[in-house]
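Input: a single structure, listed below in structure tokens.
The values are calculated or read from the model by the stated rules, or taken from the named source; none is laboratory data. Remember, predicted model here, so these are calculated numbers, not experimental data. Quick reminder, even Gly has a Cβ in these numbers, built from the backbone with ideal geometry, and neighbours come from all protein chains shown.
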4 protein chains.
Amino acid sequence: MKFGRKSKGNKESRELGFGTKSYGPNTRLIARDGGFNVNKTGLKFWQSLDTYHELISMKWGSFILLVSSVFFFANLIFALLYFFAGSGSIAGAHGSSVLDRFLDSFYFSTQTITTVGFGQLSPNSNFVSVLAAIESFMGLLGFALATGLMFARFSRPRKRLVYSENAIVAPYRDINGLMFRFANSGKNHLIETEVDVFLSYWNLEEDRRFFERLKLERSKINFFTTSWTVVHPIDNDSPLQGMTPEECANHHMEVIIMFKAFDDTYARTVYDRNSYIHSEIKWGQKFVPIFTEKGDGQIHIDLEKIGQYESAALN
Amino acid sequence: MKFGRKSKGNKESRELGFGTKSYGPNTRLIARDGGFNVNKTGLKFWQSLDTYHELISMKWGSFILLVSSVFFFANLIFALLYFFAGSGSIAGAHGSSVLDRFLDSFYFSTQTITTVGFGQLSPNSNFVSVLAAIESFMGLLGFALATGLMFARFSRPRKRLVYSENAIVAPYRDINGLMFRFANSGKNHLIETEVDVFLSYWNLEEDRRFFERLKLERSKINFFTTSWTVVHPIDNDSPLQGMTPEECANHHMEVIIMFKAFDDTYARTVYDRNSYIHSEIKWGQKFVPIFTEKGDGQIHIDLEKIGQYESAALN
Amino acid sequence: MKFGRKSKGNKESRELGFGTKSYGPNTRLIARDGGFNVNKTGLKFWQSLDTYHELISMKWGSFILLVSSVFFFANLIFALLYFFAGSGSIAGAHGSSVLDRFLDSFYFSTQTITTVGFGQLSPNSNFVSVLAAIESFMGLLGFALATGLMFARFSRPRKRLVYSENAIVAPYRDINGLMFRFANSGKNHLIETEVDVFLSYWNLEEDRRFFERLKLERSKINFFTTSWTVVHPIDNDSPLQGMTPEECANHHMEVIIMFKAFDDTYARTVYDRNSYIHSEIKWGQKFVPIFTEKGDGQIHIDLEKIGQYESAALN
Amino acid sequence: MKFGRKSKGNKESRELGFGTKSYGPNTRLIARDGGFNVNKTGLKFWQSLDTYHELISMKWGSFILLVSSVFFFANLIFALLYFFAGSGSIAGAHGSSVLDRFLDSFYFSTQTITTVGFGQLSPNSNFVSVLAAIESFMGLLGFALATGLMFARFSRPRKRLVYSENAIVAPYRDINGLMFRFANSGKNHLIETEVDVFLSYWNLEEDRRFFERLKLERSKINFFTTSWTVVHPIDNDSPLQGMTPEECANHHMEVIIMFKAFDDTYARTVYDRNSYIHSEIKWGQKFVPIFTEKGDGQIHIDLEKIGQYESAALN
């Protein structure tokens, strides 16, 4: 049982930046979507707002809904102003009931803010003329803002990595290996790909978390075009040598994965993170083949099989 | 005959990321446009969609056609809605026949979605007023989207490298060399340029693919302003030493080229790939000069000659 | 007293790029917002203008005010041109007083520049028709410019680092250490984080400024997710060994901090700078804990406490 | 006289990427604006077009002129189509003369393409209605394109480096040094700044160009906030040791400067190039001081003096 060597684990825990005491034994450090399990408080509301980040990272549905709501309420406010300007201030608004007059104000507002300006309704007083100028100006600026945000949303780096649901401990050469498999499901080209894997566990005697880098069979490839099975050989130098699934659970083990590549399609460096906790590691399994031969000179990868495994006797 | 040394080739094949068994002997690994010869399946339709990538990477003609189609069908749908709102709901639509009434609805729709809003046709019912507000709002958002996509298309890194159609084996100093020539045909400045060349071949005995990095006369230059003839000297350390064109064909040889540079004009790192398969390598040829002297103190490169060669006796 | 060792300080001062003579003893080198304390003159007005930088970096309030002013004055100019085109040149302008005629010209201008074009006012002469075409074209280009600027403002890298108000000298292991604490208050992910710390002081004998890099307990972490307390151990190699607060003040000491990280959310490298001058360094204090345990398996950081310290006896 | 050492110069000439034979003795390799003195031919017209680059890099005046011309000619074409649709096809066009009818068509076109759509002129036939729909659609797409291009122009990296007009040979410590001075006149922050300097000369005996890297007193600084005087000490290892201005002219000497920095304000790496040919190097001069003390605790640099020098006796 190698868990608990003090010096090295301690050093690397600091390098990773998680600290050793702040995380309880039952804490997952990295969420499956690559997020960090950290909650920051103590900022004033406006400091914590990070509006830009929210607008850029919210789902498209929410974004469209938000923009539509802003559009609706902006129209409502201007409609009320036009309405209170009194009857006759909008030429072409013939409604006599209060509702009809308000609706005409609202329609005039929508035609102004979008700059469609049919003209069947048109300003008929100085107040409404000035207000309409302001509204159309604000409309244009607002849509300019929406355009800018849309492009900012588009230009965010996107990663479409699919990871195997589980890591496995499988026979590897004449020993065993800890493995996981992943691939890029997007159509962008990832090159100069690097992977770094850390083991994190709770030291029962010292009552704090330790971290250790795992040696990999291969940590860098030039073209990440197919799938990649990352292998940590469990040799005599491995902290996993001699460990059992039960001990891993007792030590609240977590395998942390750092991924780095250059996205050739969008010319930028992308990073990704993932982790497997002890219950997500399957012992005595191996991944099923993912390549299919069709004799057409092309390589076929079936991404549906990325996480599929079958039982295999360990060495 | 040096093809088939196990250790080194094996290691580098893994580094490249192609795997060794998935590619049959007749598979080309890298297409002439730098794409990878890989087909990914097993994703659900919406997972494989990568809409953004499609919209960004499709040809300009297709993009304009797509935007125009969306414009046309959006108008069609709104036109039908206006049409079914009944006659009289659009002021100024005097057509009496069904066709005329539909056309007026369609014209009204186009004038609304583009926000041109002449006003000779204008909303004359609450339903049409509200619908027109929605349509003009959608029109503006749609054109905002198109604007964002257009800029995203513009801002994609573009490489305008022209490679010689063939690699050649030519006399080089007192031995021979494998060479290819390429240049940047764009007006952007490429600097800190690096080239890496790999040899890939099918090992007949082991029935799988091997890879080996080829040593280059020079693998980095500061300014990539003229053309660059990349040379692999076929010395005693070269896997090509003693090989014949026939043996190269038998081993399904492919020369893989990786290119990296910093694009000073657009401030980003660009990568490129290319490959020459055995039938694209001409033996006993040399490239014709590409520089022309005009006595005006300027360097002239004739890119038309980039791939031209003439016969030359090998050493 | 170690301040004043010639060779090393001299060398590093040159590396930093501040020069040694240009800064007087009372000059702060780096402002608290990371700016440099340098004033450049001698450029012609148009050379020093850097309009783009101003438009991109001014506050949002100023930007909106500027755009609104441009909008207003552009309208004013066109309104005057329409006004001087004479009565009758705008159809629908029935005002008889000079003021009413000018207001109609102004309203027509706003309806043209925003392309709202109600049509209750419309061109009624060749001069006005041509002018209106130009104005609407300029309006569209102007709003295109505003859109581009808005996105450029959005896409600027933003850093939301919060630093402790003071650096402290606190007990560290069995010696003392110079420490400061900081965190990322934004929702973006910072990874591959590096810190470099320099000591700057005025050499009283040589009458010029010296610089020295301070050795850190740890200068790099992988994930900058929580807070980071950077520690310079004041051991026998430290230039601060044996120094007193008074001597630091006499030497006009300044601690310069350079921060570098990769912003994973926006895919770019970010840098930051900060400094603490002698009066901002508190001796015999230690930072209060910033983590709170809530037993929910999450890490909680209270950023309000980032700069809070309490007294602690020095070793 | 050290010019002409074969091995080293030869190697570095290849590294730089200029080649050795293509440049005649009278050729300047790098223009003062950092461009390369290379002319590429042999591309088909459409291959050499690089439209995007032209649109992005042309001056703002040219760009505005181009956009305006496109606007004008697009209007002209549509005006002709409307005109030939016959009288009566545009409602509100009452002109009876051919000129008046054409002008009405032109005004209608401008009101359609900008989507201002006053409505005093409006479509009155199916042909004109459809054409107007197409024109307003094209107008919106065109302005979307212009918006995208404007932002692409904005987001290009811009360097505002001011170099001394001349390099000088000045006394340096107890020997002499080749020096030039430069500064960043922009308001962006440049950090992690590096400079590399090469000497290029024509070897009279071998009749080709040689290149050699010059050793610098300091080649990297952390903050490029003030001015930087780059110094090559002419010691016994320097190829310039013992050279005279006449010999430099005979050898068609050129000093090539490569600059690299990280632009902290726009979060990207920027490069720059410059060169001084023999006639731009002044011997026995030194740069005048550029710093001015104003006692306000700020550093003042007078960029007007960046290239000013005064005579100084050489060692």
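Values computed for the structure shown
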read-out: Failed item, numbered, when A:Thr193 is tested on (1) without any contact (Cβ under 8 Å) to a residue 24 or more places away in the chain; (2) hydroxyl-bearing (Ser, Thr, Tyr); (3) assigned by TED's automatic domain parsing to the domain that holds A:His251; value: (1)
read-out: Residue in the stretch C:264-273 that is farthest from C:Glu310 (Cα to Cα), counting only those that are of a type outside the set (A, V, I, L, M) and outside any strand (DSSP E or B); value: C:Tyr266
read-out: The one condition in (1) surrounded by fewer than 18 Cβ atoms within 10 Å (Cβ to Cβ); (2) under 37 Å from the mean Cα position of the chain (by Cα); (3) within 11 Å of another protein chain (Cβ to nearest Cβ); (4) among the hydrophobic types (A, V, I, L, M, F, W, C) that A:Ile56 fails to fulfil; value: (1)
read-out: Residue ID - farthest from D:Phe151 (Cα to Cα), chosen from residues in the stretch C:91-103 that are within 13 Å of chain A (Cβ to nearest Cβ) and among the hydrophobic types (A, V, I, L, M, F, W, C); value: C:Leu99
read-out: Single residue of the stretch D:269-304 satisfying the filter (of a type in the set (A, V, I, L, M, F, W, C) and at pLDDT below 90) that is nearest to D:Arg28 (Cα to Cα); value: D:Val270
read-out: Residues that are more than 14 Å from D:Arg181 (Cα to Cα), crowded, with 20+ Cβ neighbours inside 10 Å and modelled with pLDDT of 90 or more, drawn from the stretch D:214-232; value: D:Leu214
read-out: Matching residues, the stretch A:116-134, being facing chain C (nearest Cβ under 9 Å) and either modelled with pLDDT of 95 or more or assigned to a helix (DSSP H, G or I) (or both); value: A:Asn126, A:Ser129, A:Val130, A:Ala132, A:Ala133, A:Ile134
read-out: Matching residues, the stretch B:119-128, being crowded, with 23+ Cβ neighbours inside 10 Å and on the phi < 0 side of the Ramachandran plot; value: B:Gln120, B:Leu121, B:Ser122, B:Pro123, B:Val128
read-out: Evaluation of B:Phe198 against (1) surrounded by fewer than 20 Cβ atoms within 10 Å (Cβ to Cβ); (2) part of a strand (DSSP E or B); (3) of a type in the set (Phe, Trp, Tyr) (one fails), failing number; value: (1)
read-out: Test: residue in the stretch D:135-158 that is in contact with a Gly (Cβ under 7 Å, 6 or more places away or on another chain) and modelled with pLDDT of 90 or more; value: no
read-out: Flag for B:Arg156 being among the charged types (D, E, K, R) and part of a strand (DSSP E or B); value: no
read-out: Any hit, the stretch D:104-113, residues being assigned by TED's automatic domain parsing to the domain that holds D:Glu304, in contact with a helix residue (DSSP H, G or I) (Cβ under 8 Å, 6 or more places away or on another chain) and more than 30 Å from B:Gly148 (Cβ to Cβ); value: no
read-out: The stretch C:146-195 - residue that is of a type in the set (A, V, I, L, M) and more than 13 Å from every other protein chain (Cβ to nearest Cβ) and, of those, surrounded by the fewest Cβ atoms within 10 Å (Cβ to Cβ); value: C:Ile175
read-out: Where a residue in the stretch D:41-66 is in a helix (DSSP H, G or I) and at pLDDT 80 or above and its partner, wherever it lies, is surrounded by 13 or more Cβ atoms within 10 Å (Cβ to Cβ) and of a type in the set (Val, Ile, Thr), with Cβ under 7 Å and at least six apart; value: none
read-out: Any chance C:Leu149 is within 20 Å of D:Ala267 (Cβ to Cβ) and touching a residue at least 60 places away in the same chain (Cβ under 8 Å); value: yes
read-out: Some residue of the stretch B:274-287 being within 30 Å of D:Arg156 (Cα to Cα) and either assigned by TED's automatic domain parsing to the domain that holds B:Asn176 or in a loop (DSSP other than H, G, I, E, B) (or both); value: yes
read-out: Verdict on D:Asp264 being in contact with a strand residue (DSSP E or B) (Cβ under 8 Å, 6 or more places away or on another chain), within 11 Å of chain C (Cβ to nearest Cβ) and in contact (Cβ under 8 Å) with a residue 12 or more places away in the chain; value: yes
read-out: Of residues in the stretch C:233-259 being touching a helix residue (DSSP H, G or I) at 6+ places or on another chain (Cβ under 6 Å) and surrounded by 20 or more Cβ atoms within 10 Å (Cβ to Cβ), the one farthest from the other protein chains (Cβ to nearest Cβ); value: C:Cys248
read-out: The listed residue being of a type in the set (A, V, I, L, M, F, W, C), touching a helix residue (DSSP H, G or I) at 6+ places or on another chain (Cβ under 8 Å) and under 21 Å from A:His189 (Cα atoms), out of B:Phe262, B:Phe210, B:Phe223, B:Phe198; value: B:Phe198
